Amino acid sequence: MTTPLIAGLAVAAAAYAGRYSIQAWQAFKARPPKMRRFYEGGFQPKMTRREAALILGVRESTPADKVREAHRKVMVANHPDAGGSHYLASKINEAKDVLLGKTKGSGSAF
């Protein structure tokens, strides 16, 4: 007599646990993405490799092909022809030049 009762309680507990697990998983999937923390400083008078890497979102030791790829992605999002800022575009280009070793020494055009 008690065996069917215990079996019924075990099935009910498993059902509630499964239901809770499904709800928790759906809530986990629906949460907003974690916001990235960005560098909160302004631009330096002369761009450093660290600042250039922060602008392009890469490491200072990133290979040249990855720097070009990152430059393209950032430039597409901030190009002046697409409503972006000329100042930011010049800083993005300067960051690419610094990381690729093609610095002109004069800094930004602005």
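The values are calculated or read from the model by the stated rules, or taken from the named source; none is laboratory data. Just so we're clear, the structure is a prediction, and the values are computed from it rather than from any experiment. All Cβ positions, glycine included, derive from the backbone under ideal geometry; neighbour counts span all protein chains shown. Surface areas here come from the heavy atoms of the whole protein model, side chains and all, with no ligands, DNA or RNA. Shrake-Rupley method; radii C 1.70, N 1.55, O 1.52, S 1.80 Å.
Some notes on this structure:
- Qualifying residue in the stretch 44-52 (condition: open to solvent by 90 Å² or more (accessible area, probe 1.4 Å), under 30 Å from Asp97 (Cα atoms), under 17 Å from the mean Cα position of the chain (by Cα) and basic (Lys, Arg)): no
- Residue within the stretch 23-34 that is within 22 Å of His79 (Cα to Cα), at pLDDT below 85 and either surrounded by 10 or more Cβ atoms within 10 Å (Cβ to Cβ) or within 14 Å of the chain's Cα centre (by Cα) (or both) present: no
- Members of the stretch 74-110 found to be β-branched (Val, Ile, Thr), in contact with an Asp or Glu (Cβ under 9 Å, 6 or more places away or on another chain) and either surrounded by fewer than 14 Cβ atoms within 10 Å (Cβ to Cβ) or at pLDDT 90 or above (or both), listed by number: Val98
- Cross-chain or 6+ apart pairs with Cβ under 7 Å, the stretch 79-103 first and touching a residue at least 12 places away in the same chain (Cβ under 8 Å), then of a type in the set (Phe, Trp, Tyr): Tyr87/Phe110; Ser90/Phe110; Lys91/Phe43
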